[in-house]
1. With respect to the numbered conditions (1) of a type outside the set (Lys, Arg); (2) within 17 Å of the chain's Cα centre (by Cα); (3) on the phi < 0 side of the Ramachandran plot; (4) surrounded by fewer than 18 Cβ atoms within 10 Å (Cβ to Cβ), which one is the sole condition not fulfilled by GLY129?
2. What number of residues within region 1-27 satisfy the criterion of being part of a strand (DSSP E or B) and not hydrophobic (A, V, I, L, M, F, W, C)?
3. Which one of these is more than 30 Å from HIS144 (Cα to Cα), open to solvent by 10 Å² or more (accessible area, probe 1.4 Å), of a type in the set (A, V, I, L, M, F, W, C) and touching a residue at least 12 places away in the same chain (Cβ under 8 Å): LEU78, LEU32, LEU17?
4. Which residue pairs have Cβ atoms under 7 Å apart, sit 6 or more places apart or on different chains, and have a first residue in region 161-189 that is in contact (Cβ under 8 Å) with a residue 24 or more places away in the chain and a second that is of a type in the set (Phe, Trp, Tyr) and part of a strand (DSSP E or B)?
5. For region 46-58, how many residues meet the condition of being of a type in the set (A, V, I, L, M, F, W, C) and either within 20 Å of the chain's Cα centre (by Cα) or assigned to a helix (DSSP H, G or I) (or both)?
6. Where residues in region 38-66 are at pLDDT 95 or above and small (Gly, Ala, Ser), which of them is nearest to LEU82 (Cα to Cα)?
7. When residues of region 81-93 are filtered for being open to solvent by 20 Å² or more (accessible area, probe 1.4 Å) and touching a His at 6+ places or on another chain (Cβ under 9 Å), how many remain?
Amino acid sequence: MLTLAIDTTANTASAALSKDGRLLSLYTVNGLLTHSETMLPMIENMLSKCALTADDIDLYAVSEGPGSFTGVRIGVSLIKGLAFNQNKPCVGVSTLAALAKNLEGYDGYIVPVMDARRNQVYTAVFQNGKRLCEDMLIPLDELHEKLRGMGISRIFLCGDGYDLAKKHFEGTDIAVLTTPALLIPQNALSVALVGEELHRCGVAKTDSALSAHYLRASQAEREREEKLNAGK
């Protein structure tokens, strides 16, 4: 099975081609251009270098969120467009599950964190490849208390909220173990591998059924709600 996977949920833009769980190509950029400008040329370049075409792709996988509202929309919309009318399965992958996959094989609790602003993070907790809680939006103070309540005292962090969370836990009763720099940001190969697992479990969807997963309303929606409440 040939899988095309992308992640555009944070500043990092990542695309990968995976065949039967083995990496064929990985293209990751942390640049100034927007994902809408970079992602399609990245995919075209990978396919060309691997002597493949879109017709060869068997499965499309994308990080469906949580993450940047704009980034999530770009990624999901791009995969829906690429898969349109091809009758190829599509899989939406939790960004946090894909980040945790980066550290698969590490002995300990893995806590992917994505900066949600206002000292909040999108996060979840994983151990030995198993999810211990659902994706959540939570202040760092509450994450600290949740980890303590779970009896966790040593963690690996990854994701674009790495520096923010690491600073928060400094000097606390929760030790942050060292995560190699290469495993901190989004990695589309991890999206591909999680996507393939979901596909084997029958979770794949059509392109029309694929949708984004935000965890909270957008800023525009929140401001509209605040105005409506203020007018009551």
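1. Tallying (1) of a type outside the set (Lys, Arg); (2) within 17 Å of the chain's Cα centre (by Cα); (3) on the phi < 0 side of the Ramachandran plot; (4) surrounded by fewer than 18 Cβ atoms within 10 Å (Cβ to Cβ), GLY129 fails exactly one: (3).
2. Applying the first criterion (part of a strand (DSSP E or B)) to region 1-27 yields 2-7, 13-19, 22-27.
From the residues that got through so far, the ones that are not hydrophobic (A, V, I, L, M, F, W, C) too are 3, 7, 14, 18-19, 22, 25, 27.
So the count comes out to 8.
3. Values: LEU32 fails: touching a residue at least 12 places away in the same chain (Cβ under 8 Å); LEU17 fails: open to solvent by 10 Å² or more (accessible area, probe 1.4 Å).
Of the residues listed, the single one that is more than 30 Å from HIS144 (Cα to Cα), open to solvent by 10 Å² or more (accessible area, probe 1.4 Å), of a type in the set (A, V, I, L, M, F, W, C) and touching a residue at least 12 places away in the same chain (Cβ under 8 Å) is LEU78.
4. Taking only residues 6 or more apart or on different chains, the pairs are LEU177/PHE156; THR179/PHE156.
5. Here the count works out to 3.
6. Only one residue fits best here, namely ALA61.
7. 1
Every residue, every condition in (1) out of contact with any helix residue (DSSP H, G or I) (no Cβ under 8 Å at 6 or more places or on another chain); (2) at pLDDT 95 or above; (3) over 12 Å from LEU96 (Cβ atoms), yes or no:
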position	(1), (2), (3)
MET136	yes, yes, no
LYS167	yes, yes, yes
THR172	no, yes, yes
ALA181	yes, yes, yes
ASN187	no, yes, yes
GLU196	yes, yes, yes
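The values are calculated or read from the model by the stated rules, or taken from the named source; none is laboratory data. Remember, it's a predicted structure, so these values are computed and weren't measured experimentally. No Cβ is skipped: glycine too gets one built from the backbone with ideal geometry, and neighbour counts run over all protein chains shown. To get the accessible areas, we keep the full protein, side chains included, count just its heavy atoms, and leave off ligands, DNA and RNA. Shrake-Rupley method; radii C 1.70, N 1.55, O 1.52, S 1.80 Å.
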